[in-house]
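Q: Let me begin by handing over the structure; questions about it come next.
The values are calculated or read from the model by the stated rules, or taken from the named source; none is laboratory data. Just so we're clear, the structure is a prediction, and the values are computed from it rather than from any experiment. As a convention, Cβ positions derive from the backbone with ideal geometry for all residues, glycine included, and neighbour counts pool all protein chains shown. Ligands, DNA and RNA are excluded from the accessible area calculation, which covers all protein heavy atoms including side chains. Shrake-Rupley method; radii C 1.70, N 1.55, O 1.52, S 1.80 Å.
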Amino acid sequence: MKIGILGVGHIGKTLGRKLSAAGHDVKVANPRGPETIDATVLETGARAGTASEAVNEVNVVILSTPLNRVPDIAPLIAGVPAGTVVIDTSNYYPGRDSQIAAIEAGEVESIWVAEQLGRPIVKAWNAIGSVSFALKGTPPGTPGRIAIPVAADDDSGRAVGMALVEDTGFDGFDAGPLAQSWRQQPGAPAYCTDLTRDEMPAALASAEAARLPKRRDLSVAAIFERVGDGTTNPHSEYGVRLSRALFM
């Protein structure tokens, strides 16, 4: 497939490497320009370009940016054909994104994103830590293979998202419509806990919406205390242990 990725942060750079290594035609872009994209992102065949180039004539656009950037990206996405699948990987962290009133009032993050863009989206790759995503992919059928939930209102878009998740080394798990995607938001049992396909249904079902924000904020405080800042990711095993202790 022809894929454009906007954002080459922790998740976006791994998407660029994994999807191009899987044989897809991948273009990547960030707000600072193609010359600033690290060569390691391009080592398996992805090409750097501008944001406009990345979303031009592609089958799939993947947004891998902080959630508060979505309104800025909306005009660019407005020109993308309706048949193009748009996948969002973002999560809401008010300390980074500033408070968004609708989400604070309980609106599902993915639905807010879809409203900002004015089009259907697929939610994928938001519920796995960046280090696990980079290092723990395995071939299909591997015992203990980690699953990643994929939510969308459109069955065909969800199928595309699940297939691409498989191409990045994880089991794509059908998490239903966007209205249920709060079950894979930060603070939920399925969020960054490295679960298998067999473990995922119970984790999604046991999520309690009212408890997610407090659990999310507790994890942020614990990580900040451990690493000393809000941008450095902890070691993968610590992050998984912390998420399991707080979210499950």
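Q: Quick check: is even one residue across segment 185-201 part of a helix (DSSP H, G or I), of a type outside the set (Ser, Thr, Tyr) and surrounded by fewer than 22 Cβ atoms within 10 Å (Cβ to Cβ)?
A: Yes, segment 185-201 contains a residue that is part of a helix (DSSP H, G or I), of a type outside the set (Ser, Thr, Tyr) and surrounded by fewer than 22 Cβ atoms within 10 Å (Cβ to Cβ).
Q: Now for a different question. Here are the criteria: (1) in contact with a Gly (Cβ under 9 Å, 6 or more places away or on another chain); (2) under 25 Å from ALA102 (Cβ atoms); (3) buried (at least 21 other Cβ atoms within 10 Å of the Cβ). Tell me which single one ALA209 does not satisfy.
A: (3)
Q: Which residue pairs have Cβ atoms closer than 9 Å, lie 6 or more positions apart in sequence or on different chains, and pair a first residue in segment 28-46 that is at positive phi with a second residue that is open to solvent by 60 Å² or more (accessible area, probe 1.4 Å) and of a type in the set (Asp, Glu)?
A: Short answer, once both residue conditions are applied: GLY45/ASP25.
Q: Something else: Going by the conditions given, is SER110 outside any loop (DSSP other than H, G, I, E, B), of a type in the set (Ser, Thr, Tyr) and in contact with a strand residue (DSSP E or B) (Cβ under 9 Å, 6 or more places away or on another chain)?
A: Yes; evaluated as a whole, the condition is true for this residue.
Q: Go through segment 141-164 and report how many residues are in contact with a strand residue (DSSP E or B) (Cβ under 8 Å, 6 or more places away or on another chain), assigned to a loop (DSSP other than H, G, I, E, B) and not charged (D, E, K, R).
A: Residues flagged as in contact with a strand residue (DSSP E or B) (Cβ under 8 Å, 6 or more places away or on another chain), assigned to a loop (DSSP other than H, G, I, E, B) and not charged (D, E, K, R) within segment 141-164 amount to 1.
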